[in-house]
Amino acid sequence: MTRTRFGLLGLCVAIFGVMAFSASAAQGAATWLVEHNVLPEALLPTLDANLDGGDGTLLGTLVGIKFHILCKELKLNETHLVAPAKVLGFVVFTKCEVLELLADNTTMLLTKCNIPEGKVTSVKSIGSIILHEGNGAVEFKPEVGTTFATINMGPECPIGENVKVGGVFRVRDCVPSEFLTDKVTHLIESPKLGLNASGESNELFLNGNKKILATVDGSANVFLTGVHSGLTFAGHPE
């Protein structure tokens with residue numbers, strides 16, 4: 001089956017008249033590799049993801065309340081690798097609920113915070129391969145504006161009727177060096193970047209305020225799907 005899929009990949013390349021260069025040709029420029037070949041512009045391999053045996057959680061503090069927005073499922077929608085070194089698409093979280101983190105580090109369900117259908121969908125976002133701590137990572141920003149998602153909590157939610165999540169969002173392999181390794185599935189996480197010297201968020205922030213930091217906990221499996229399902233891929237920063 002892998003040979004058949006790669007045959008389709010090669011056929012697409014031939015149709016568009018684009019050569020897939022060897023990995024050595026990628027040196028000096030950030031690129032995606034699929035089956036050890038530089039991704040040609042004519043192809044848009046589809047990406048999907050799922051949570052790695054746990055939950056994905058957005059953590060933040062608003063009006064003095066430490067909260068977790070905990071989601072049990074994740075998938076990508078209309079998300080593609082884009083040559084030479086981009087990702088473009090949407091992230092969808094489902095089965096989401098809002099919890100308050102109490103002083104004893106236990107959590108309590110905030111019953112007055114009701115996310116419609118328990119679903120959070122990002123705006124269309126664009127990611128770019130970057131060099132991060134000596135390895136590769138992908139840094140995402142909204143394609144338009146600075147807000148990734150506006151989460152409707154309901155008018156009685158104590159942390160606010162709506163929570164806007166903005167800024168930039170980075171992901172890397174849980175084993176950072178594996179970003180550069182051709183694999184069928186990459187296990188990814190979001191590194192904690194914290195605040196910069198000006199006391200503003202280097203990553204996600206809430207309600208348009210760069211001093212209200214938000215972080216993400218959890219890990220996810222990312223893989224190619226559709227006609228490219230089962231193929232290996234890797235990213236190479238400049």
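What about V87, is it under 26 Å from H228 (Cβ atoms), assigned to a loop (DSSP other than H, G, I, E, B) and without any contact (Cβ under 8 Å) to a residue 60 or more places away in the chain?
Numbers: under 26 Å from H228 (Cβ atoms): yes; assigned to a loop (DSSP other than H, G, I, E, B): no; without any contact (Cβ under 8 Å) to a residue 60 or more places away in the chain: yes.
When the stated conditions are applied, V87 does not pass them.
Can you tell which of A149, A137, A103 is of a type in the set (G, A, S), under 17 Å from the mean Cα position of the chain (by Cα) and farther than 28 Å from S229 by Cα? Spell out how you get there, then give the answer.
Values: A137 fails: farther than 28 Å from S229 by Cα; A103 fails: under 17 Å from the mean Cα position of the chain (by Cα).
Selected residue: A149, the only one of A149, A137, A103 that is of a type in the set (G, A, S), under 17 Å from the mean Cα position of the chain (by Cα) and farther than 28 Å from S229 by Cα.
Testing L81 on (1) closer than 24 Å to F233 by Cα; (2) at pLDDT below 95, one condition comes back false. Which one is that?
(2)
Working only within region 205-218, note down all residues that are closer than 17 Å to C96 by Cβ, buried (at least 16 other Cβ atoms within 10 Å of the Cβ) and either at pLDDT below 95 or touching an Asp or Glu at 6+ places or on another chain (Cβ under 9 Å) (or both).
Answer for region 205-218, where residues must be closer than 17 Å to C96 by Cβ, buried (at least 16 other Cβ atoms within 10 Å of the Cβ) and either at pLDDT below 95 or touching an Asp or Glu at 6+ places or on another chain (Cβ under 9 Å) (or both): A214, T215, V216, G218.
If I go through region 116-162 residue by residue, how many of them are of a type outside the set (K, R) and part of a strand (DSSP E or B)?
Number of matching residues: 24.
Under the condition of being over 30 Å from T31 (Cα atoms) and among the acidic types (D, E), which residue from region 104-146 is surrounded by the fewest Cβ atoms within 10 Å (Cβ to Cβ)?
D104
If you take the residues in region 157-177 that are surrounded by 16 or more Cβ atoms within 10 Å (Cβ to Cβ) and in contact (Cβ under 8 Å) with a residue 60 or more places away in the chain, which one is nearest to L33 (Cα to Cα)?
Only one residue fits best here, namely V165.
From the list L193, L213, L180, L187, which one is aliphatic (A, V, I, L, M), closer than 30 Å to A83 by Cβ and touching a residue at least 60 places away in the same chain (Cβ under 8 Å)?
Of the residues listed, the single one that is aliphatic (A, V, I, L, M), closer than 30 Å to A83 by Cβ and touching a residue at least 60 places away in the same chain (Cβ under 8 Å) is L187.
What are the residues in region 191-238 that are acidic (D, E) and under 21 Å from N50 (Cβ atoms), if any? Walk me through it before giving the result.
Step one: filter region 191-238 for residues acidic (D, E), giving 200, 203, 217, 238.
Selection gives D217 alone.
Looking at K192 and the list (1) part of a loop (DSSP other than H, G, I, E, B); (2) within 26 Å of K119 (Cα to Cα); (3) out of contact with any Ser or Thr (no Cβ under 7 Å at 6 or more places or on another chain), which single condition is not satisfied?
(3)
Out of the residues in region 181-192 that are hydrophobic (A, V, I, L, M, F, W, C) and surrounded by fewer than 16 Cβ atoms within 10 Å (Cβ to Cβ), state the one that is nearest to W32 (Cα to Cα).
V184
Among the residues of region 45-84, which ones are touching a residue at least 12 places away in the same chain (Cβ under 8 Å), assigned to a loop (DSSP other than H, G, I, E, B) and surrounded by fewer than 16 Cβ atoms within 10 Å (Cβ to Cβ)?
Here is the first cut: in region 45-84, the ones touching a residue at least 12 places away in the same chain (Cβ under 8 Å) are 45-52, 54-63, 65-84.
Then drop every residue that is not assigned to a loop (DSSP other than H, G, I, E, B), which leaves 45, 52, 54-55, 63, 83-84.
Correct list: G54, V63.
Table: residues versus (1) more than 21 Å from T31 (Cβ to Cβ); (2) out of contact with any helix residue (DSSP H, G or I) (no Cβ under 7 Å at 6 or more places or on another chain); (3) of a type in the set (D, E, K, R); (4) part of a strand (DSSP E or B).
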position: G199; (1), (2), (3), (4): yes, yes, no, no
position: F205; (1), (2), (3), (4): yes, yes, no, yes
position: K211; (1), (2), (3), (4): yes, yes, yes, yes
position: A214; (1), (2), (3), (4): yes, yes, no, yes
position: V222; (1), (2), (3), (4): no, yes, no, yes
position: L231; (1), (2), (3), (4): no, no, no, no
position: G235; (1), (2), (3), (4): no, no, no, yes
position: E238; (1), (2), (3), (4): no, yes, yes, no
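The values are calculated or read from the model by the stated rules, or taken from the named source; none is laboratory data. Keep in mind that this is a model prediction, so the values were computed, not measured. Heads up, the Cβs are rebuilt from the backbone with ideal geometry, glycines too, and the neighbour counts pull from every protein chain shown.
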